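Chemist: Sharing a structure below in structure tokens format, with a few things to ask.
FYI, it's all coordinate maths here, none of it is from the lab. Just so you know, these numbers come straight off a predicted model, no measurement behind them. Here Cβ is always computed from backbone atoms with ideal geometry, including for glycine, and neighbour counts include all displayed protein chains.
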Amino acid sequence: MLKDQVAIITGASRGIGKEIARQLAEQGMKLVLAGSSEEVHQTAEELKKTGFENIISIQSDVSREKDVQNLVDKTLAAFGQIDLLVNNAGVGFFKLTEEVSLDEWKKVFEVNVQGVFLGAKAVLPHMKKRKSGNIITISSDVGRYTIPNGAAYTATKYAVQGFSGSLAQEVREFGIRVGTINPGMVDTYFAGSTQGIPEKEEWLKVEDIAKAVVYMASAPQYMVVDEIILHPLVQNYPIA
Ligand code: NAP
């Protein structure tokens, strides 16, 4: 079903985004990988070496409108269409609110919220014209409930939930589906961590989140999967 469709994945250099790219490539999708660092090119090369074709990488910072527009323009030039945008790029930190600088506050909003807005804004004219498309955002469980020492990050993910919910209603009549995937603790490089360390053995794996993306993106056109929330069993969290 996803074969030969075209996806843009932001934050694909490493962590969850890299595995999303691998699993979507397995589905036969044509991919454009985006990341703000040069590492995104290495990731694309790695995937190509394992036998996947039709993968390009574009260094782009999701918080910059010009970068995001360039990403969309180059995708259309290379592959002619965009079926799926995965807004995965994100940053975060966990500290007391009075220790958060205004620059840190601005940065986390620029990447996590502005990045999602700019990505959606850039693909929508094309998706509306085609009367189809899928926008999946990797939000977080903290877009659904609050945690201590993470007020700035939590605020960005609540913003993303509000944005995605409202957008979903706005574009439904154009055949465009919008959903969020809200994981709890995932073993990645997030917030300066290292992927694969023994302390995180029982956390969610990047593969679990990528599988959720494949499921959401593969839903038949008459169906929208609005949200997937997933947690490791070891994580204690409130249930609504
Ligand atoms: P990660 O391992 O740190 O990866 C973050 C990715 O985002 C990297 O590929 C990075 O690549 C990219 N990125 C950062 N700033 C960017 C920017 N300005 N423009 C474009 N790309 C940018 O973290 P992760 O856990 O995979 O995070 C992916 C998403 O999952 C985030 O939205 C995060 O909030 C969400 N999430 C994570 C967890 C968790 O426990 N890990 C839980 C829930 C939700 P470059 O360095 O090349 O830019």
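Chemist: Are there chymotrypsin sites (Phe, Trp or Tyr not before Pro) in segment 197-231 that DSSP puts in a loop and that have at most 10 other Cβ atoms within 10 Å, and which ones?
Modeler: TYR222
Chemist: Can you tell me the Rg and the Dmax, both Å, for the Cα atoms in segment 48-101?
Modeler: Rg then Dmax for segment 48-101, in Å: 16.2, 49.
Chemist: Hey, which of these cross-link pairs are over 19 Å Cα-Cα: LYS106/LYS205; LYS18/LYS128; LYS49/LYS205; LYS74/LYS121?
Modeler: With Cα atoms farther than 19 Å apart: LYS106/LYS205; LYS18/LYS128; LYS49/LYS205.
Chemist: Here is a follow-up. In a solvent-free Debye calculation with one equal scatterer on each Cα, what is log10 I(q)/I(0) for segment 1-103 at q = 0.16 Å⁻¹, listed in the order of the q values?
Modeler: Each listed q maps to, in turn, -0.64.
Chemist: Of all alpha-carbon pairs in segment 171-214, indicate the percentage at a distance above 16 angstrom.
Modeler: 48 percent
Chemist: Considering the dipole of segment 6-230 built from charges on the beta carbon (Lys and Arg +1, Asp and Glu -1) around the Cα centre, which of VAL225, ALA151, ILE138 is farthest to its positive end?
Modeler: Checked the options; the winner is VAL225.
Chemist: Provide the net charge surrounding ASN54, with neighbours chosen by a C-beta distance below 12 Å and charges set as Lys +1, Arg +1, Asp -1, Glu -1.
Modeler: Computed value for this residue: +1.
Chemist: For segment 71-210, what mean projected area does the convex hull of the alpha carbons give, in nm²?
Modeler: 9.5 nm²
Chemist: If you don't mind, there's one more thing I want to ask. Report Rg(Cα)/(2.2 N^0.38 Å) for segment 159-240, keeping two decimals.
Modeler: 1.29
Chemist: Convert each backbone phi in segment 50-64 into a coupling constant with the Karplus relation 6.51 cos²θ - 1.76 cosθ + 1.60 (shift: θ = phi - 60°), then list the ³J(HN,Hα) values in order as whole Hz, x for Gly and Pro.
Modeler: 7, x, 7, 10, 6, 10, 10, 10, 9, 5, 7, 9, 5, 7, 9
Chemist: If packing is taken as the average number of other Cβ atoms within 10 Å across a peptide's residues, how do 62-71, 32-41, 132-141 rank, most packed first?
Modeler: Sorting 62-71, 32-41, 132-141 by mean packing, highest first, produces 132-141, 32-41, 62-71.
Chemist: With +1 on each Lys and Arg Cβ and -1 on each Asp and Glu Cβ, and nothing else charged, work out how big the dipole of the chain is about its Cα centre, in Debye to the nearest 20.
Modeler: Dipole about the Cα centre, nearest 20: 800 debye.
Chemist: Can you give the local net charge around ILE176? Use residues other than it whose beta-carbon is closer than 15 angstrom to its beta-carbon, Lys and Arg +1, Asp and Glu -1.
Modeler: After counting each charged neighbour, the total is +3.
Chemist: Sequence-distant or interchain residues sharing an amide H contact under 5 Å with ILE229, placed H: which?
Modeler: Hits under the 5 Å cutoff: ASN182.
Chemist: Whole-Hz ³J(HN,Hα) for each residue in segment 135-141, computed from phi via Karplus 6.51 cos²θ - 1.76 cosθ + 1.60 with θ = phi - 60°, x for glycine and proline: what do you get?
Modeler: 10, 10, 10, 7, 8, 5, 4
Chemist: Considering every pair of different Cα atoms, what Kirkwood radius, in Å, is found for the chain?
Modeler: Roughly 17.9 Å, rounded to one decimal.
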